[in-house]
Amino acid sequence: MVIRLIAARFAITLALTLAMSPALEVAHAQGDSNGCQNGFSPGFRSYLPDCRAYELVTPPYKEGFPVLSEGLSADGQQLLVSSFGTFAKPKGLGLLGQAYHISRTHAGWETSVLDAPFSTFPTYQVQAVSPDFQNSLLFARSPGQTWEDVYVRPSGGSFTRVGPGTPPGVVETGLNQFMGASDDLSRALFIDESPFGTDESRLWPGDTTVVGRLPSLYEYRNTGNSEPTLVGVSDGHTVVNGEQLAAGKLISDCGITLGSSPEGETYNAISAKNGETVYFTANASAICGAHGPPANEIYARVGARTIPISEPTVNDCTTCVTVSRVGASYRGASSDGSKVFFTTDQELLPGNSGMNLYKYDFNASAGDRITQISSGGVDPEVQGVARISQDGTHVYFVAKGVLTSAPNGNGDHPVAGGYNLYVGGTAQGSPSFIATLSFADAGDWGLEDFRPVQATPDGRILVFQSSADLTLDENGTIEAGQIFKYDIETGALVRISRGQNGYNNDGNSNIYPAILPIQNYERDQPTARFTHLALSSDGAYIFFSSSDALVPQAVTGVNNVYEYSEGRVALISDGHDSASIEEHPTSQLVGTDESGADVFFTTSDPLVPQDGDSQVDVYDARIGGGFLSPPALASCTGDPCQGGPMAPPTLAAAVTPTVTAEAGTQPFGSTIAAKSNTKRKSKPRKAAKPKRHKRRRARVRKPVGKKTAVKGK
């Protein structure tokens, strides 16, 4: 199917470009030495694999500001980016951190601003965009308000108020931290904290979370709400410490967190399709000395039902032991919310000891919904989870115990006390051994999901980063870091960050590590799941970066993006972009789409004629891609070049603040008419990458100056 999709994309692109220019037919007939029919494109390079060609994605003019990639669409046709520059309409407003939508057309990539009109919302912040780029969620403040409200805007529709952002009588905006939403943004979750000391309380009426800056989880469903509702509440059947709680009562007054955040995991804690299932942790009563379970416990909120997960009822697990309570940690779920994984060292099933990994499956038979994943050993000593497949059929985890006597595909066995990588949830039931990692690879199984580990949606292919000597082609030397691919069906473990045809010591290096990008799985950025995606959905294409020259065209010590496919390594970036900004190379992998036909990366090197500056741009190395060069501007001399006389200046008409389809409701790609006839002086500002779990700051419109990226060759 992937091959057919790629072929169809190429055919459509070729047909459209051929129809644009008769001269192109000649170039098409001539082709090129590699037999690629897009050899006419100025973005074509013979060293690129799969008949790829470069396409400039970001605008050639960016006001000297860098552009940050925030998310990709699944089909690789749309990007969400942010910048301090105002390089798409409206222009000259000096927006502080503007969001832009970039989409591919038959003639090139077009940029439109994702904005709220100044007359309607002088303060705003885009919180999320749906993966299909059809809806956006934002906080916005109307003129005269001292707080922000929550709005949703469908593409082509008007701003619709979801609900207030601040409790009655509170001066400062509440709903401090946006935690995530369903893909269609119909269900949005937020966390705020209880007050501490003289802090003003931003908790909503009925919230009994005790003081001490403890988290409280809220949600909005659909639009037209008067206030958000609490998530971590009883459905009238929830039992805590032997007491059956009334419907609507908080399960813990010591705090409710999404997944196991803020310190831990939120992977698929909100089911993607419509957010019907939400997983949360109710904090133990010992944290604050108030009402709550005896240990941290995981629950699922499914519609109006609240279901205990880590301490299941007898109806869900007839053999579970729940007498002695020990805390549990949420480790992730399937994207549809039907399967959830957690760890605990409680003897949840008879005879289990030590830290174990379990699965709760809503689709399993009643009484049999709990399964031990880390089976096969007396004390598995599970260290953490590396990756869970989107469909929940496979889970990759690290344990110090020996859980199987069977070797991996290379004949190696698990080591007692070592960091053994396993895969569970397979048809045979018991875990399969993959490799023994090193302690330096601890980021592969960290509690918080910033792991250089990725898998195909069905979990068949795993790609991970390791500095351990895992394959025979590593010469038994200490490595700076390599990328490996594991195939469940064949059991093969291979190193993919290798030299093309053995080039440069076959990529073995103790100086330059190969880097797998860390994918953002956070639900607070639904589009971000394809940002830093490193492999296609079938595992046929894998992308990574390295400063080691793996092909003859690459310069050693310069970070480059590479492709691995069918056992061969090829160059994606141009091989010699040595520039950096604040010690970070400008050549970086952004991500690929599900098919692998589009792979996006940044570079400061101009790769097509219309890229006339030395600023960092986003490029797409697209299979069968490439556009025609823009027509050259006609030259002129003398008076005809001076143009006509200027028209006298006119004053803009006043704009009345409203929220209607005529003002402030333009779809993606439209012109948003909010302009000023007064030129503002600019003050330079420095873009800062937002940090997680910090106080949300509103995006306020202020004039900002230009900043030129520091570059060096």
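The values are calculated or read from the model by the stated rules, or taken from the named source; none is laboratory data. Worth saying up front: this structure is predicted, and the values here are computed from it rather than measured. When we count neighbours, we look across all protein chains shown, and the Cβ atoms used for this are built from the backbone with ideal geometry, even at glycine. Only protein heavy atoms, including side chains, enter the accessible area calculation; ligands, DNA and RNA are left aside. Shrake-Rupley method; radii C 1.70, N 1.55, O 1.52, S 1.80 Å.
List of remarks:
- A simple spin-label model places the labels of Thr556 and Thr319 5.8 nm from each other, with each point 7 Å out along Cα-to-Cβ.
- Here the stretch 94-129 is scanned for amide nitrogen atoms under 20 Å from the site 7 Å beyond the Cα of Tyr61 along Cα-to-Cβ, giving 94-103, 108-114.
- For Arg331, distant residues with modelled amide H under 5 Å away: Phe341, Phe342, Thr343
- Long-range Cα-Cα pairs in the stretch 236-392 (distance over 25 Å), rounded percent: 24 percent
- Relative pair counts by distance (%), Cα atoms of the stretch 397-497, 10 Å bins: 15, 53, 31, 2
- Accessible-area value, Arg213, 1.4 Å probe, nucleic acids and ligands omitted, Å²: 120 Å²
- Straight Cα distances below 16 angstrom link Lys62 to the aspartates and glutamates Glu110, Asp605, Asp611, Asp613, Asp617, with same-chain residues fewer than 8 positions distant left out.
- Over 32 Å between alpha carbons, listed pairs Lys273/Lys400; Lys273/Lys485; Lys249/Lys400: Lys273/Lys400; Lys249/Lys400
- Under a 5 Å amide H cut-off, with hydrogens placed 1.01 Å from N, Leu114 pairs with Ala99, Tyr100, His101 among residues at least 5 apart or on other chains.
- Added length on full extension, which subtracts the Cα-Cα distance from 0.36 nm per residue, Ser405 to Ser365: 11.4 nm
- Length available on full extension from Glu566 to Ser226: 0.36 nm per residue minus the Cα-Cα distance, which gives 116.8 nm.
- Percent of Cα pairs exceeding the 18 Å cut-off, where the set is the stretch 38-87: 49 percent
- Computed from the C-beta positions of Asn501 and Asp412 and an R0 of 41 Å, the FRET efficiency is 0.95 to the nearest 0.05.
- Protein accessible area in the stretch 283-361, 1.4 Å probe - carbon and sulfur %: 50 percent
- Estimated at 0.36 nm per residue, the fully extended path between Ile287 and Val211 surpasses their Cα-Cα distance by 26.2 nm.
- Charge dipole (debye, nearest 20) of the stretch 299-391; +1 at Cβ of Lys and Arg, -1 at Cβ of Asp and Glu: 300 debye
- Longest to shortest principal axis, alpha-carbon extents of the stretch 161-288, angstrom: 37, 33, 29
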